[in-house]
Amino acid sequence: HTLRISIQQNEEAVGITLEGRIAGPWAAELCRTWSELAPSLGKRKLSIDLRNATYADAIGTKTLSQIYSEAPVEFITSTPWTKYLAEEITRQSANQTHEEQ
């Protein structure tokens, strides 16, 4: 029950690949990784590959939502569940933006 976080970077883009469970202490590790990575993002595109993610609890979903609210993210999905997770995150962010206006 772990989460593997892989980061690929080049001059134009940063890719974060998540494999496993985005939950509990692993969600906190993703948050820590993002807080270290975010300042160096600059104008590069950010993608988060969820194709091998198997589960996200409330903390994991909140962490992904936080990342999405701080940077334009392209989610890469493959299964109905990962598509649902990405849609939930983008919808929650849109609802929060609408509520703040």
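Key figures
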quantity: The stretch 16-59 - percent of accessible surface contributed by carbon and sulfur, probe 1.4 Å; calculated: 57
quantity: Net length gained if the chain between residue 43 and residue 71 were fully extended (0.36 nm per residue, minus Cα distance); calculated: 9.1 nm
quantity: Centroid-to-centroid separation of the stretch 1-36 and the stretch 39-59 [C-alpha atoms, Å]; calculated: 6
quantity: Relative contact order [Cα under 8 Å, 6+ residues apart], the chain, whole percent; calculated: 26
quantity: Virtual spin-label span in nm between residue 81 and residue 33, 7 Å along Cα→Cβ; calculated: 1.8
quantity: Span-rule helices in the chain, defined as complete DSSP H runs reaching 24 Å or more along the axis (Cα) with Kyte mean at least 1.0; calculated: none
quantity: Distant alpha-carbon pairs in the chain (separation over 19 angstrom), percent; calculated: 38
quantity: The chain - accessible surface per residue (Å², probe 1.4 Å); calculated: 62
quantity: Point-charge dipole on Cβ atoms (K/R +1, D/E -1) for the chain, about Cα centre, debye to 20; calculated: 180
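The values are calculated or read from the model by the stated rules, or taken from the named source; none is laboratory data. Since the structure is predicted, the reported quantities are computational estimates derived from the model, not experimental observations. We place every Cβ from the backbone using ideal geometry, glycine too, and count neighbours over all the protein chains shown. Accessible surface is based on the protein model in full, side chains and every heavy atom, while ligands, DNA and RNA are left aside. Shrake-Rupley method; radii C 1.70, N 1.55, O 1.52, S 1.80 Å.
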